[in-house]
Amino acid sequence: MAATSGVGLSWRSSVSDRPASKSARRVSGHSSSLVKMAISVEKKPFTLEKSEETFNAAKNLMPGGVNSPVRAFKSVGGQPIVFDSVKGSKMWDIDGNEYIDYVGSWGPAIIGHADDKVNAALVEALKKGTSFGAPCVLENELAATVIDAVPSIEMVRFVNSGTEACMGVIRLARAFTGRSKILKFEGCYHGHADSFLVKAGSGVATLGLPDSPGVPSAAASLTLTAPYNDSAAVAALLELNRGEVAAIILEPVVGNAGFIPPAPGFLAELRRLTSEHGVLLIFDEVMTGFRLAYGGAQERFGVTPDLTTLGKVIGGGLPVGAYGGRRDIMEMVAPAGPVYQAGTLSGNPLAMTAGIETLRRLREPGSYEQLDRVTGELVKGLVEGGKAAGHEVCGGHVGGMFGFFFAEGPVANFEDAKKSDTAKFGRFHRGMLEEGVYLAPSQFEAGFTSLAHTAQDLEKTLEAAARVFHRI
Ligand code: KE4
C-alpha cells in the first residue's frame with residue numbers, strides 16, 4: 001500500500017470514490033474542482049509509533065534491537081525505522097510513512113527493490129527448492145557471468161556475505177605468498193573478520209569503537225594500516241615490512257568512511273608498488289562491484305588487481321558474496337588446492353537466481369549511463385542546495401554511488417572525514433527522514449541510487465533538502 005509521504009489529503013474522506021456515470025462525472029467534475037479548491041493539505045504528523053513499539057521490543061530480543069549495528073541510528077539519533085515493504089525506489093514503514101530510498105539495502109537494490117522479473121524468477125526457482133547443498137546449474141551461470149564481467153576474475157568462489165569473501169581472500173593471499181601481514185586503509189571496511197577490525201570504517205567508525213574488543217592482539221598486529229590516498233605511506237610500510245606483506249586490500253572507491261574517491265593515480269601506484277614487492281593487490285568491490293560499471297571500479301579506473309571480492313549486487317538482495325581472481329591463485333582453494341573455505345548455503349539456487357536476473361538487467365544498454373546521470377544530478381543538487389543555505393558541503397559520486405560531508409572539503413581520507421560536522425549530518429538525516437527521504441543513517445556510509453529512481457524522486461528529494469538545509 002503506497003501511503004502518502006507525511007502529507008495527508010483530507011478531501012479523500014469526503015469524496016465518494018465510487019465510479020460516477022458520465023453525467024454524474026460532469027457534476028462531480030464540477031464538484032470535484034470545488035473539492036479540489038477546498039483540499040486542505042494537512043501535514044499528516046510524522047508518527048513512528050509502531051516503529052518505536054516494535055523497536056523497543058526488539059531491543060529485548062536482539063543486541064541493540066538490530067542484526068547489524070548501523071541500522072540502530074546510533075550516530076544520527078532518533079527513532080530507528082521498522083519497515084514493512086519496499087518496491088522500486090520506495091520504502092514503507094509499519095506506520096505507513098513512505099520514503100524515497102537512497103540506501104537500497106546497502107547496495108543490492110541497484111535495479112530497484114522487488115523487481116518484477118527478479119521476483120518472477122525467484123518464484124519459479126522456489127518451486128524447485130531453496131537449497132540443494134550440492135552443485136546446481138545456476139552456479140555455473142552466475143560464475144560465468146561474473147568471470148565475463150570482472151577484468152581480474154578468471155575463477156570465482158561464491159560465499160554468503162562480503163565478510164566471508166574478504167575472509168577467504170585474505171587466507172588465500174597468505175597461503176599463496178607464504179606471508180602473514182596484510183595492509184588495509186584507515187576507514188575502509190572489509191566485513192567483521194578479526195583481521196579487518198583495525199581502524200575500520202562503517203559501523204565500527206559510526207559507533208566510534210576503538211577497534212573491537214575480542215580481536216586478539218596477535219591478529220591485529222598482522223594488519224598494517226595507512227591513510228587512504230597516501231601511496232608514500234604505503235611504500236614506506238612495504239619497505240619496512242619487506243618480504244612480510246601478503247596483500248594490500250582496499251575499497252577502490254571508499255564507501256565506509258563516507259564517500260571518498262581515489263586520488264588520480266593512486267590505484268595505479270598501488271598496482272605498481274604491489275607488483276614490485278610481490279604483494280597481491282586485492283580490490284574489495286563488495287560495494288563498488290557492478291555499481292560503478294558492469295566491471296566495477298577496476299573497469300572504471302582501468303587498474304586490474306590480482307584478486308577481487310564481491311557481494312551485495314551479485315545477490316540481488318539474497319545472501320551472496322564472492323572472491324575471485326587469477327586462476328593460478330584461485331586453484332589453491334579447496335578442494336582444488338589446500339586452502340580451506342566452505343559454506344552450507346554457498347551458491348544456493350535462490351540466491352544465484354536473484355543474482356543472475358539482477359546482472360541481466362544491468363547488462364541492458366544505458367543502465368550505467370542512467371545511474372551515473374541520476375546520481376550526479378542528485379549529489380550536485382545536494383551540494384548546491386547546502387551551500388545556498390550557507391553550509392559547508394562537499395560531495396561526489398561515481399556511477400550509482402555517492403556521498404557528501406558537511407565540510408569545506410576535499411575529503412581525501414578518514415581523518416578528513418572525521419573532521420566533518422557529523423552532528424549536523426545527524427540533524428540533516430532526521431530532517432530528511434521526516435520529509436520522506438531515507439539516507440544512510442551514518443556520516444561514515446555512502447548513498448546508493450537505482451535504475452528505479454525517477455526525475456520526480458530527485459525533484460522531491462532536492463526540494464526536501466532545501467527545506468531541511470534551511471532548518472538545520
Ligand atoms: P557483508 O558481510 O555485510 O555482506 O559485507 C561486508 C563488506 C565488505 N566490504 C565492503 C566494501 C562493504 O561495504 C561491506 C559491507 N557494507 C556495509 C555497509 N557499509 C553493510 C551494511 C551493514 O554492515 O549493515
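The values are calculated or read from the model by the stated rules, or taken from the named source; none is laboratory data. Just so we're clear, the structure is a prediction, and the values are computed from it rather than from any experiment. When we count neighbours, we look across all protein chains shown, and the Cβ atoms used for this are built from the backbone with ideal geometry, even at glycine. Only protein heavy atoms, including side chains, enter the accessible area calculation; ligands, DNA and RNA are left aside. Shrake-Rupley method; radii C 1.70, N 1.55, O 1.52, S 1.80 Å.
Some notes on this structure:
- In this simple spin-label model, placing a label point 7 Å from the Cα along the Cα-to-Cβ direction at both Arg360 and Ser105 gives a separation of 1.7 nm.
- Calculated diffusion of the chain, Stokes-Einstein form, Kirkwood radius summed over Cα pairs, 20 °C and 1.002 mPa s, µm²/s: 91 µm²/s
- Rg/Rh for region 68-131 stands at 1.06; both radii use Cα atoms, and Rh follows the Kirkwood definition.
- To put it simply, the accessible area of the chain at a 1.4 Å probe is 56 percent carbon and sulfur.
- Solvent exposure of region 201-293 amounts to 33 Å² per residue of accessible area, where only protein heavy atoms count and the probe is 1.4 Å.
- Spatially, region 351-405 and region 49-77 are offset by 28 Å when compared through their Cα centroids.
- Compared with the dominant principal axis of the Cα atoms in the chain, helix 367-388 is inclined by about 70°.
- With eigenvalues of the C-alpha gyration tensor scaled by 5 and rooted, region 120-276, Å: 31, 19, 17
- Sorted peptide list for 109-115, 285-291, 373-379, criterion being average Cβ within 10 angstrom, highest first: 285-291, 109-115, 373-379
- Mean separation of Cα contacts under 8 Å (6+ apart) over length of the chain, as relative contact order %: 20 percent
- Subtracting the Cα-Cα distance of Lys380 and Thr344 from 0.36 nm times their residue separation leaves 8.5 nm of extension gain.
- Remark: relative contact order (region 74-137) = 22 percent; criterion is Cα-Cα distance under 8 angstrom and separation of 6 or more residues.
- Tilt relative to the chain, helix 49-61 - C-alpha long axis, 0 to 90 degrees, to 10: 30 degrees
- Using the Cβ-Cβ distance between Gln370 and Ala218 with R0 set to 51 Å, the FRET efficiency works out to roughly 0.60.
- Filtered trypsin sites (Lys or Arg not before Pro), region 163-264: DSSP coil and at most 16 other beta carbons within 10 Å: Arg242
- Rolling a 1.4 Å probe across all protein chains gives Lys380 an accessible area of roughly 120 Å².
- Region 192-227 and region 411-472: distance between their alpha carbon centers, rounded to Å: 27 Å
- J(HN,Hα) series, region 456-461, from Karplus relation 6.51 cos²θ - 1.76 cosθ + 1.60, nearest Hz, glycine and proline x: 5, 4, 5, 4, 5, 5
- Compared with the direct C-alpha span, the chain from Glu276 to Glu459 gains 61.0 nm at full extension, assuming 0.36 nm per residue.
- Between helix 422-434 and the chain: long-axis angle, C-alpha atoms, 0 to 90°, nearest 10: 40 degrees
- Restricting region 107-161 to trypsin sites (Lys or Arg not before Pro) that sit in a DSSP loop and have at most 15 other Cβ atoms within 10 Å of their own Cβ leaves Lys127, Lys128.
- Gyration tensor (alpha-carbon) shape descriptor, region 252-338, a/c threshold 1.5: oblate
- On the principal axes of its alpha carbon atoms, region 285-396 extends 59, 28, 26 Å, with the longest extent given first.
- A 1.4 Å probe run over region 145-185, with the rest of the protein chains in place, finds 33 Å² accessible per residue.
- Distance between modelled label sites at Glu239 and Asp211, nm, 7 Å Cα→Cβ extension: 2.4 nm
- Average accessible surface area per residue within region 322-399, 1.4 Å rolling probe, Å²: 43 Å²
- Distance between the 7 Å Cα→Cβ label points at Met62 and Lys419: 3.8 nm.
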